[in-house]
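Asks: My questions all concern the structure below.
The values are calculated or read from the model by the stated rules, or taken from the named source; none is laboratory data. Everything quoted here is computed from the prediction, not taken from an experiment. So basically every Cβ, Gly included, is an ideal-geometry build from the backbone, and we count neighbours across all protein chains shown. Please note that ligands, DNA and RNA were not included when accessible areas were found on the heavy atoms of the full protein model with its side chains. Shrake-Rupley method; radii C 1.70, N 1.55, O 1.52, S 1.80 Å.
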Amino acid sequence: MQGRDEGGTVRSVERALAIVELLGEHQELGLEELHYLTGLPKATVSRLLHTLQEQGWLYRGLCDRRYRLCSRRLFGDPGQRFSRRLVEQAAPLLQELSERTGLVADLSFFDGDDLHVMESAIPAALRKRYPANRLAVGLQASLFHSAMGKACLGELDSTEVQRLALRHRLSGDDLLRAHEQTHTQGFGERTEGTWEYAVRLPFLIRAVALPVLSQGRLVGSIALHWPRDEHSVESVQQRHLGSLAATVSQLQRSLA
């Protein structure tokens, strides 16, 4: 029978399982890497990836276009499963928010100690201005300088803020001021003129963010950011904070 070897094994199933095993071993891989590691033609790997994605085995990153096993296919670390589920639930909402506002929409995951950049959606009109933004996915964002971090700080009590200050060797007073500022204005705002990642954009940015909760527990935040020369924080707050809040609410409902 076509597609089977002499032992009756379906060759395409063997190849698909090889891809699943590679993703389990390496966590995330791109098409070129899978083509090299499997030794299969790129067109064949692409077809298998498309089928696995359709069947709910894989998630493909919005920003970096790399493949990962879906949360329900992961075993072991419950934190990793939840963070992957957070990304999968948020991805279509981020994409919609980004296109609706014309701004970049970022998702972070807070593990209790550190803030991780998990996904980023870039509107079509801005993709040429953000050639390296995909490299920020997987990095840690600053709890003190980033809008995403400040949005998270606003949900924590002062004792927890002081603990994080000690862990990250930051001034507790500065973190408490950022905590109070977020409470007062109702959203996290990026510290002007700072950039906490090793990868730099060719221009300065501004950002605003709101926290994401799951069953009353802080799990991360969503930020909108944009080139500083295009909009003020006040104008984005007036025009788009409602859309950001609606996206966060929708994500929280899906997580529940």
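Asks: Can we say GLN140 is under 20 Å from ILE222 (Cα atoms), among the polar types (S, T, N, Q) and modelled with pLDDT of 80 or more? Walk me through it before giving the result.
Replies: Working: under 20 Å from ILE222 (Cα atoms): yes; among the polar types (S, T, N, Q): yes; modelled with pLDDT of 80 or more: yes.
Answer is yes for this residue.
Asks: Could you tell me whether region 98-105 includes any residue that is in contact with a Lys or Arg (Cβ under 9 Å, 6 or more places away or on another chain), buried (at least 18 other Cβ atoms within 10 Å of the Cβ) and modelled with pLDDT of 90 or more? So that I can check it myself, show each step before the final result.
Replies: In the first step, residues of region 98-105 are kept if they are in contact with a Lys or Arg (Cβ under 9 Å, 6 or more places away or on another chain); the result is 101.
Subset that is buried (at least 18 other Cβ atoms within 10 Å of the Cβ): 101.
The next check asks that each one be modelled with pLDDT of 90 or more; those that pass are 101.
Checked region 98-105: at least one residue is in contact with a Lys or Arg (Cβ under 9 Å, 6 or more places away or on another chain), buried (at least 18 other Cβ atoms within 10 Å of the Cβ) and modelled with pLDDT of 90 or more.
Asks: Output the residues belonging to region 43-78 that are charged (D, E, K, R) and surrounded by fewer than 13 Cβ atoms within 10 Å (Cβ to Cβ). I'd like the intermediate steps shown before the answer.
Replies: Initial filter on region 43-78 (charged (D, E, K, R)): 47, 54, 60, 64-66, 68, 72-73, 77.
Within region 43-78, GLU54, ARG65, ARG72, ASP77 qualify.
Asks: Moving on. Going by the conditions given, is GLY216 exposed (fewer than 15 other Cβ atoms within 10 Å of the Cβ), under 19 Å from PHE109 (Cβ atoms) and modelled with pLDDT of 90 or more?
Replies: Details: exposed (fewer than 15 other Cβ atoms within 10 Å of the Cβ): yes; under 19 Å from PHE109 (Cβ atoms): yes; modelled with pLDDT of 90 or more: yes.
Here the answer is yes, as GLY216 does meet what is asked.
Asks: Name the residues in region 199-213 that are surrounded by fewer than 24 Cβ atoms within 10 Å (Cβ to Cβ) and either in a loop (DSSP other than H, G, I, E, B) or of a type outside the set (A, V, I, L, M) (or both), would you?
Replies: Listed by number, the residues that qualify are VAL199, ARG200, LEU201, PRO202, PHE203, LEU204, ARG206.
Asks: While we're on this one: Step by step: first the residues of region 219-256, then only those that are in a helix (DSSP H, G or I) and among the hydroxyl-bearing types (Ser, Thr, Tyr), then the one that is least open to solvent (accessible area, probe 1.4 Å). Which residue is that?
Replies: Within region 219-256, the match that is least open to solvent (accessible area, probe 1.4 Å) is THR247.
Asks: Also: Within region 131-145, can one find any residue that is in contact (Cβ under 8 Å) with a residue 12 or more places away in the chain, among the aliphatic types (A, V, I, L, M), open to solvent by less than 60 Å² (accessible area, probe 1.4 Å) and over 26 Å from GLN27 (Cα atoms)?
Replies: Within region 131-145, not a single residue is in contact (Cβ under 8 Å) with a residue 12 or more places away in the chain, among the aliphatic types (A, V, I, L, M), open to solvent by less than 60 Å² (accessible area, probe 1.4 Å) and over 26 Å from GLN27 (Cα atoms).
Asks: Can you list the strands (runs of 3 or more DSSP E) found entirely within region 14-115 that contain at least 1 residues being of a type in the set (S, T, N, Q)?
Replies: Values: elements: 58-60, 67-69, 104-110.
It comes to 104-110.
Asks: Looking at region 35-78 only, could you name the residues that are under 20 Å from the mean Cα position of the chain (by Cα), of a type outside the set (Ser, Thr, Tyr) and within 19 Å of LEU17 (Cβ to Cβ)?
Replies: Hits for region 35-78 are GLN53, GLY56, TRP57, LEU58, ARG60, ARG68, LEU69, CYS70, ARG72, ARG73, LEU74.
Asks: Report yes if LEU34 is closer than 28 Å to VAL248 by Cβ and either in contact with a Phe, Trp or Tyr (Cβ under 8 Å, 6 or more places away or on another chain) or open to solvent by less than 50 Å² (accessible area, probe 1.4 Å) (or both), otherwise no. Please lay out each step first, then the result.
Replies: Details: closer than 28 Å to VAL248 by Cβ: no; either in contact with a Phe, Trp or Tyr (Cβ under 8 Å, 6 or more places away or on another chain) or open to solvent by less than 50 Å² (accessible area, probe 1.4 Å) (or both): yes.
Judged against the criteria, LEU34 is not a match.
Asks: Consider VAL87 against the criteria (1) at pLDDT 95 or above; (2) open to solvent by 30 Å² or more (accessible area, probe 1.4 Å); (3) within 25 Å of LEU34 (Cα to Cα): it satisfies all of them except one. Which criterion is unmet?
Replies: Among (1) at pLDDT 95 or above; (2) open to solvent by 30 Å² or more (accessible area, probe 1.4 Å); (3) within 25 Å of LEU34 (Cα to Cα), VAL87 violates only (2).
Asks: How do the pairs read when you match residues in region 146-175 that are over 14 Å from ASP113 (Cα atoms) and open to solvent by 10 Å² or more (accessible area, probe 1.4 Å) with residues anywhere that are of a type outside the set (Ser, Thr, Tyr) and modelled with pLDDT under 90, using Cβ under 6 Å and keeping only pairs 6 or more apart or on different chains?
Replies: Within 6 Å, the pairs are GLY172/GLN162; GLY172/ALA165.
Asks: Give region 186-198 a look and list any residue that's of a type outside the set (Asp, Glu), open to solvent by 30 Å² or more (accessible area, probe 1.4 Å) and at pLDDT 85 or above, or say none.
Replies: The answer is GLY186, THR191.
Asks: Residues that are touching a residue at least 60 places away in the same chain (Cβ under 8 Å) and not in a helix (DSSP H, G or I): does region 185-198 have at least one? First the steps, then the outcome.
Replies: From region 185-198, those touching a residue at least 60 places away in the same chain (Cβ under 8 Å) are 197; that's our starting set.
Okay, now just the ones that are also not in a helix (DSSP H, G or I), so 197.
Yes, that holds for at least one residue.
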